[in-house]
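Asker: This is the structure I want to talk about, given as structure tokens.
The values are calculated or read from the model by the stated rules, or taken from the named source; none is laboratory data. This is a predicted model, so every value here is computed, not measured. All Cβ positions, glycine included, derive from the backbone under ideal geometry; neighbour counts span all protein chains shown.
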Amino acid sequence: MSKKHTDVTASKQINADLLQFDKEHVWHPYTSMSSPLPSYLVESANGVHINLASGESLIDGMSSWWSVLHGYNHPKLNAALVEQAGKMSHVMFGGLTHPSAIILCKKLIQLTPAGLDKVFLCDSGSVSVEVAMKMALQYWHSKAHLENNALTKTKLLTVKNGYHGDTFAAMSVCDPVTGMHQIFEQVLMQNYFAPAPSINFGEQWHDDDTKALRQLFNQHHHELAAFIIEPIVQGTGGMRFYHPQYLKTCRQLCDQYNVLLIVDEIATGFGRTGKLFACEWADISPDIICLGKTLTGGYMTLAATLCTSDIANTISNGEAGCFMHGPTFMGNALACAVANVSIDLLFENNWQLQVQTIEKSLKELLQPLKTNNRVKDTRVLGSIGAIECLQAVNVAVIQKRFVELGVWIRPFGTLIYIIPPLIITTAQLTTLVNAITTVLAEDKCFI
């Protein structure tokens, strides 16, 4: 037996052992430990390809849950990490600061909608939402203290079909039925929910879509600290693209009833919808914005919550004298350094042209699937393409089939969707959609 053959055999055994340990001991997201979904061992990733240890090279249609903006193993992002690591990887942000964080905050203030000029750096998307909610609640606590009034604004209003993360405050503004968190209902903050927007992006607008929302604002505004919403795209709640006028009305109602507006741009920020930030479709500025996912181009976990000077100053002048939050890894230097380069790459690569090219290809490729007998609807916005099926997918089976077809797509519920890295080619997009077309014809892929 040759040495090469022996090495290959040994490598296969090592990989098999790793996967077995993973199956028995490593708890993956939204997966049972007693009957886990299969996991595929990744050896490397480059460009739009995820390379499995078993030899397959998969075109990534998911951007690793929306985060990998410029593709994997990007030389400029790699260089940013190496350069920053040569100086320092991290220092505490309490009492210390560093150029990477300062430059990043300056860029975020310049890029985000007008009026958002205070930046709180944090750990992840869910934590960004936690920070935003705490900002809103502490703002009204401080305002009541400063004005010697009773505190009444302690609730939030949102819409159904929304998703804002898995931490406790974030769970309380996720859809109470479809938001995956109904088992925690008895211990969550009790907030208010309006019906989800029903008029789709591009359809004819009429004000009836906000009738129930207006009633809730009118009835509960004295209790409401903030209204929170995913702008234009409801992601995990069904990849639903709603009319920009709905969001514009949300801004108007918040102004009318003295309620803060929080927009959760964690999934939609940095060009994904065809605007740099999705709230630009409605030409509005929120009081607080949440950013994450693509902030570092998918390299490291980092998020940011930006707010107005009024919010920051009111909190700072209140009873506590400071904002009551401080993550250990806040302003991590490695993450900030790569985020700065990722933002620069957006403009160097002409992100608008990249997104327009993807959108055009997706519309052409998904249009024929509208008549498929398993498909309820197809929709495209920017670099996001969604196929809503009439049946729920069998995740384990359909995932295996996608791997066999050379693509990485992770469906959920009745949705098969793709949101690829911006560097993807039309040929690679065609491969992704051809794989979807193939599985739509296979009964075993659906429940």
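Asker: Check P411 against each of (1) closer than 16 Å to S64 by Cα; (2) touching a residue at least 24 places away in the same chain (Cβ under 8 Å); (3) buried (at least 21 other Cβ atoms within 10 Å of the Cβ) and name the one condition it does not meet.
Answerer: Only one criterion in (1) closer than 16 Å to S64 by Cα; (2) touching a residue at least 24 places away in the same chain (Cβ under 8 Å); (3) buried (at least 21 other Cβ atoms within 10 Å of the Cβ) is unmet by P411, namely (2).
Asker: Of the residues S54, S39, which single one is loosely packed, with under 15 Cβ neighbours inside 10 Å and touching a residue at least 24 places away in the same chain (Cβ under 8 Å)?
Answerer: Within the list S54, S39, the selection yields S54.
Asker: Then there is this: In region 1-63, which strands (runs of 3 or more DSSP E) lie fully inside it and hold 3 or more residues that are over 25 Å from G413 (Cα atoms) and of a type outside the set (A, V, I, L, M)?
Answerer: By residue number, 42-46.
Asker: From the residues in region 227-246 that are within 14 Å of the chain's Cα centre (by Cα) and within 23 Å of T154 (Cβ to Cβ), which one is surrounded by the fewest Cβ atoms within 10 Å (Cβ to Cβ)?
Answerer: I229
Asker: Continuing with the same structure: Being touching a residue at least 24 places away in the same chain (Cβ under 8 Å), within 21 Å of K106 (Cα to Cα) and either crowded, with 20+ Cβ neighbours inside 10 Å or not hydrophobic (A, V, I, L, M, F, W, C) (or both) narrows it down to one residue among L224, L260, L306; which is it?
Answerer: L306
Asker: With the requirement that a residue be surrounded by fewer than 23 Cβ atoms within 10 Å (Cβ to Cβ) and either closer than 28 Å to V91 by Cβ or of a type outside the set (A, V, I, L, M, F, W, C) (or both), what does region 131-144 give you?
Answerer: Those that are surrounded by fewer than 23 Cβ atoms within 10 Å (Cβ to Cβ) and either closer than 28 Å to V91 by Cβ or of a type outside the set (A, V, I, L, M, F, W, C) (or both): K134, Q138, H141, S142, K143.
Asker: Let me ask something else about it. Out of region 422-440, which residues are touching a residue at least 40 places away in the same chain (Cβ under 8 Å), out of contact with any Phe, Trp or Tyr (no Cβ under 8 Å at 6 or more places or on another chain) and not β-branched (V, I, T)?
Answerer: Passing the criteria: Q428, L429, L432, L440.
Asker: Sticking with this structure for a sec: Looking at region 238-251, I want the residues that are at pLDDT below 95 and of a type outside the set (A, V, I, L, M, F, W, C) and have a partner that is surrounded by fewer than 21 Cβ atoms within 10 Å (Cβ to Cβ) and not in a helix (DSSP H, G or I) with Cβ atoms under 7 Å, at least 6 apart or on another chain. Which pairs are those?
Answerer: Correct list of pairs: G238/L415.
Asker: Inspect region 417-439 for any residue being surrounded by fewer than 18 Cβ atoms within 10 Å (Cβ to Cβ), within 23 Å of the chain's Cα centre (by Cα) and farther than 30 Å from K76 by Cα and give the result as yes or no.
Answerer: No.
Asker: For region 410-442, what are the residues that are touching a helix residue (DSSP H, G or I) at 6+ places or on another chain (Cβ under 8 Å) and farther than 18 Å from G382 by Cβ?
Answerer: R410, P411, F412, T430, A435, I436, T437, T438, V439, L440, E442
Asker: Can you tell me which residues in region 317-347 are in contact with a Phe, Trp or Tyr (Cβ under 8 Å, 6 or more places away or on another chain) and without any contact (Cβ under 8 Å) to a residue 60 or more places away in the chain?
Answerer: A335
Asker: Restricting attention to region 177-205, report how many residues are touching a helix residue (DSSP H, G or I) at 6+ places or on another chain (Cβ under 6 Å) and surrounded by 19 or more Cβ atoms within 10 Å (Cβ to Cβ).
Answerer: Going through region 177-205 one residue at a time, the tally reaches 3.
Asker: If you check every pair at least six apart or on different chains, which have Cβ atoms under 6 Å apart with a residue in region 91-114 that is within 21 Å of C279 (Cα to Cα) first and a residue that is β-branched (V, I, T) and buried (at least 18 other Cβ atoms within 10 Å of the Cβ) second?
Answerer: Final answer for the pair search is C105/V119; K107/I343; L108/V119; T112/I289.
Asker: Return the residue satisfying two criteria in turn: it lies in region 75-118 and is in a helix (DSSP H, G or I) and of a type in the set (K, R), and of such residues it is nearest to the chain's Cα centre (by Cα).
Answerer: K107
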